[in-house]
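Take a look at the structure set out below.
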Amino acid sequence: MCGIAGMLSLDGARPADSEMLARMVDYIAHRGPDDKGVYIQGPVGLGHRRLSILDIEGGHQPWLDQGRGRALVYNGEVYNYRELRSKLQSRGMSFRSNCDTEVLLQMAEPGEDDWLNSLNGMFAFALWDERLQELYLARDRLGIKPLYYTLHDGRFYFASEIKVLLAVGLPRLVNEKAVPEFLAFRTVSGSETIVRGIWALPPGHVLRIRPGDAAPRIDKFWDDVANDGSAWADKTLNYEEQFHQLIESAIRYRLIADVPVGTYNSGGVDSSLITAKVRQQMDGELHTFSVGFMEDEHDESQYAQVVADRLGTHHHTLVMSGREYADALEETVWYCDQPINHAHTVQLLQLSRLAKQYVTVVLTGEGADELFAGYPRYQIPMLAARLAVLPGPLHSGLGRLLELLHMRRLVKLFEVSSDLDRSILEGARFCSLSELSSAGITDFIPEARRELYRVTRSKGLSRLEQVLSFDRGTYLPALLDRLDRTTMASGVEARVPFLDYRLVEWSMRIPEAFKMKIGRDNKILVKKLAARIFPREMIYRRKVGFGVPVGKWFRDKDGLGRYLDLVTDDTFAARNYCDASRVRKLVERHRNGVSDHSDVLWGLVSLELWQRTFIDRVMDSPGKSMS
């Protein structure tokens, strides 16, 4: 696990800037505290920071193949590298290390992309081919590992984090057309980012660029429906046993490491199942980690302790007060690069630091909800046809009643419940339409999000699979992004077994009845397997999620509430993203306890704090301005 960065002069003659490359690499020192390296050859420069996981002594990068004129920098893990290496050795190829990086370099075929489909893992890499005079970048199927790029001053630049690209002299400008989407969905869809002129390479895509090119060429190498996922499981078994077989295989791969491994175990069904399967496959002590809250309505740490007691793990619980949370917010923004999407990102950073005291690799439960319909909001598109028959006055009246009763989650869902397309397109929206309107935020669905939905609809999927596929392309990347940033900032590698591509492809071929029963239950297969190990009342309890008492903490003027001042001053008003006078009223009503506007206020505070950190001033480390 590492950080990568690099450049290519587009005229082919201008040499790479060694000082700039060194600076870029230093910006991501936190991603790789164990080693660093650079490669410069004419117009190309490649840089690397390493967190040693496999082949501790022999995995230095950039990795060079002098015979073929190639150089590689790589961030990630190819879990099936041993099988791939054996195949290459059977063809007469020799190796000088035991690391997956060398296997990746030997396998690479920059002229084609099919070879990438043999990789089981998470990866973002850049390969320079001297003979082809081509820089070749690729990002894993689900976007577990990040990769960004920009064009500036006659060069193409790439990096694992956005802050690196801001350091090359790129004008620091907000991508204003992305702001409404971020405030509504807490993410920016497609390849754009919140910074103008910086793009994300989409998951499952490759990028090629050569000297003389005006822009890179980007191609897709994987699609979630392109392969017959049923081939990955033993068809003589029932679906429950097929799932059991696949998740155990996914975990077995992700336990491959030369360093200590643990799990993030919240006590929820997904992480509890992962922890149980890790315990079954791993000898020796197992450290597990979770977050607790002083506020009872948000605290589920008792369930994590049940898991730990049952499995005999060494369990560690992080509890942060509202004041501690507020004190850690600015540093978290720096590590995240973009405005913080999920409020619990602050805790994840601190939890990763706690984990680093005991392990270097953690397995987590991300992805299960997007594969097996775990979110309660997934019920809405399935009920849309039934709700559409309600008379208009009754439908709107119910919506107003829910709002008066302060049932905020139901309000957001009910607003789109009678329209199937909107129920999918806006299903992950954090704020209600009235909240967005109250802040003067409109037109929050950009063309990129609409195009992703059109592509999803064109796949010929069932309604439920449309919902899941669309979420994997829009909502899931934001979750993975915050997981990458918080773990890598702490020198920890996070692995996500549920996003093994075999499991993703297989999940799309099983009957919907094994995922959801409309109006009754969801994530059925996952719960069935987990219920073999843990008490049913724990597995079948109402889903709470990783909630943070932001609404309450915003009312503490010496804690998180002090950040509300950011969205009531003249600097914020001058940005003109929304109606500043309306926002001041929302802040006043929230502080006075008249109503809860924490959803929209969190987005506004996060965006403003990010802008003051990265756009209004240049930062070279958390809280420290560059001279």
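The values are calculated or read from the model by the stated rules, or taken from the named source; none is laboratory data. Bear in mind the structure is a predicted one, so any value in this text is a computation, not a measurement. We place every Cβ from the backbone using ideal geometry, glycine too, and count neighbours over all the protein chains shown. The protein model used for the area step is the full one, side chains on, heavy atoms only, and it has no ligands, DNA or RNA in it. Shrake-Rupley method; radii C 1.70, N 1.55, O 1.52, S 1.80 Å.
Take the conditions (1) loosely packed, with under 15 Cβ neighbours inside 10 Å; (2) under 20 Å from THR364 (Cβ atoms); SER507 misses just one of them, which is (1). Restricting attention to the stretch 571-584 and to residues that are in contact (Cβ under 8 Å) with a residue 24 or more places away in the chain and not in a loop (DSSP other than H, G, I, E, B), the residue that is most open to solvent (accessible area, probe 1.4 Å) turns out to be ARG582. In the stretch 521-540, the condition of being modelled with pLDDT of 95 or more, open to solvent by less than 20 Å² (accessible area, probe 1.4 Å) and small (Gly, Ala, Ser) is met by at least one residue. Among the residues of the stretch 424-450, those that are more than 27 Å from LYS585 (Cβ to Cβ) and part of a helix (DSSP H, G or I) comprise ILE424, LEU425, GLU447, ALA448, ARG449, ARG450.
Looking across the stretch 246-257 at every residue that is in contact with a helix residue (DSSP H, G or I) (Cβ under 9 Å, 6 or more places away or on another chain) and not β-branched (Val, Ile, Thr), the one that is most open to solvent (accessible area, probe 1.4 Å) is identified as ARG252. One residue is enough: does the stretch 76-90 have a residue meeting the conditions aliphatic (A, V, I, L, M) and open to solvent by 20 Å² or more (accessible area, probe 1.4 Å)? Among the residues of the stretch 76-90, not one is aliphatic (A, V, I, L, M) and open to solvent by 20 Å² or more (accessible area, probe 1.4 Å), which makes the answer no. Within the stretch 190-207, the residues that satisfy the criterion of being open to solvent by less than 20 Å² (accessible area, probe 1.4 Å) and not polar (S, T, N, Q) are ILE194, VAL195, ILE198, ALA200, LEU201, GLY204, VAL206, LEU207. Across the stretch 29-52, the qualifying residues are those that are at pLDDT 85 or above and assigned to a loop (DSSP other than H, G, I, E, B), and the one among them that is farthest from GLU161 (Cα to Cα) is GLY42.
Contact map, the stretch 133-158: first residue open to solvent by less than 10 Å² (accessible area, probe 1.4 Å), second residue in a strand (DSSP E or B) and of a type in the set (D, E, K, R), Cβ cut-off under 7 Å, separation 6 or more or different chains; pairs are TYR136/ASP129; TYR136/ARG208; LYS145/ARG139; LEU147/ARG139.
Flag: GLU109 does not match the condition of being open to solvent by 10 Å² or more (accessible area, probe 1.4 Å), closer than 23 Å to GLN41 by Cβ, among the charged types (D, E, K, R) and in contact with a Pro (Cβ under 9 Å, 6 or more places away or on another chain). Once the stretch 208-226 is narrowed to residues that are small (Gly, Ala, Ser) and on the phi < 0 side of the Ramachandran plot, the residue that is surrounded by the fewest Cβ atoms within 10 Å (Cβ to Cβ) is ALA214.
Taken over the stretch 258-271, residues that are within 23 Å of the chain's Cα centre (by Cα), within 19 Å of VAL492 (Cα to Cα) and open to solvent by less than 60 Å² (accessible area, probe 1.4 Å) amount to 6. The residues of the stretch 541-567 that are among the β-branched types (Val, Ile, Thr) and open to solvent by less than 40 Å² (accessible area, probe 1.4 Å), listed by number, are VAL548, VAL550, VAL567.
Against the definition (among the aromatic types (Phe, Trp, Tyr), out of contact with any His (no Cβ under 8 Å at 6 or more places or on another chain) and within 26 Å of PHE123 (Cα to Cα)), how does TYR264 come out, yes or no? Considered against the rule, which asks whether it is among the aromatic types (Phe, Trp, Tyr), out of contact with any His (no Cβ under 8 Å at 6 or more places or on another chain) and within 26 Å of PHE123 (Cα to Cα), TYR264 comes out as yes.
Within the bounds of the stretch 469-478, is there any residue that is of a type outside the set (D, E, K, R) and in a loop (DSSP other than H, G, I, E, B)? The answer is no, given that none of the residues of the stretch 469-478 is of a type outside the set (D, E, K, R) and in a loop (DSSP other than H, G, I, E, B). Just one residue in the set LEU183, LEU237 is surrounded by fewer than 16 Cβ atoms within 10 Å (Cβ to Cβ), in contact with a helix residue (DSSP H, G or I) (Cβ under 9 Å, 6 or more places away or on another chain) and either at pLDDT 95 or above or part of a loop (DSSP other than H, G, I, E, B) (or both); that residue is LEU237. Among residues of the stretch 450-462 that are farther than 20 Å from MET382 by Cβ and open to solvent by less than 60 Å² (accessible area, probe 1.4 Å), those with a beta-carbon under 9 Å from a residue that is of a type in the set (Val, Ile, Thr) and at pLDDT 95 or above at least six positions away or on a different chain give the pairs LEU452/THR474.
Taking strands (runs of 3 or more DSSP E) that do not extend beyond the stretch 53-172, which have at least 3 residues that are within 30 Å of PHE498 (Cα to Cα) and touching a Cys at 6+ places or on another chain (Cβ under 9 Å)?
70-78
The residues of the stretch 463-499 that are more than 23 Å from ILE28 (Cβ to Cβ), open to solvent by less than 30 Å² (accessible area, probe 1.4 Å) and of a type in the set (D, E, K, R), listed by number, are GLU465, ASP471, ARG472.
Answer yes or no as to whether LEU607 is assigned to a helix (DSSP H, G or I), touching a helix residue (DSSP H, G or I) at 6+ places or on another chain (Cβ under 7 Å) and farther than 30 Å from ARG23 by Cα. In short, no.
Of note, ASP421 does not satisfy the criterion of being in a helix (DSSP H, G or I), more than 25 Å from HIS244 (Cβ to Cβ) and modelled with pLDDT of 95 or more. Would it be correct to say that GLN106 is free of Cβ contacts under 8 Å to residues at least 24 places away in the same chain and touching a Phe, Trp or Tyr at 6+ places or on another chain (Cβ under 9 Å)? It is false that GLN106 is free of Cβ contacts under 8 Å to residues at least 24 places away in the same chain and touching a Phe, Trp or Tyr at 6+ places or on another chain (Cβ under 9 Å).
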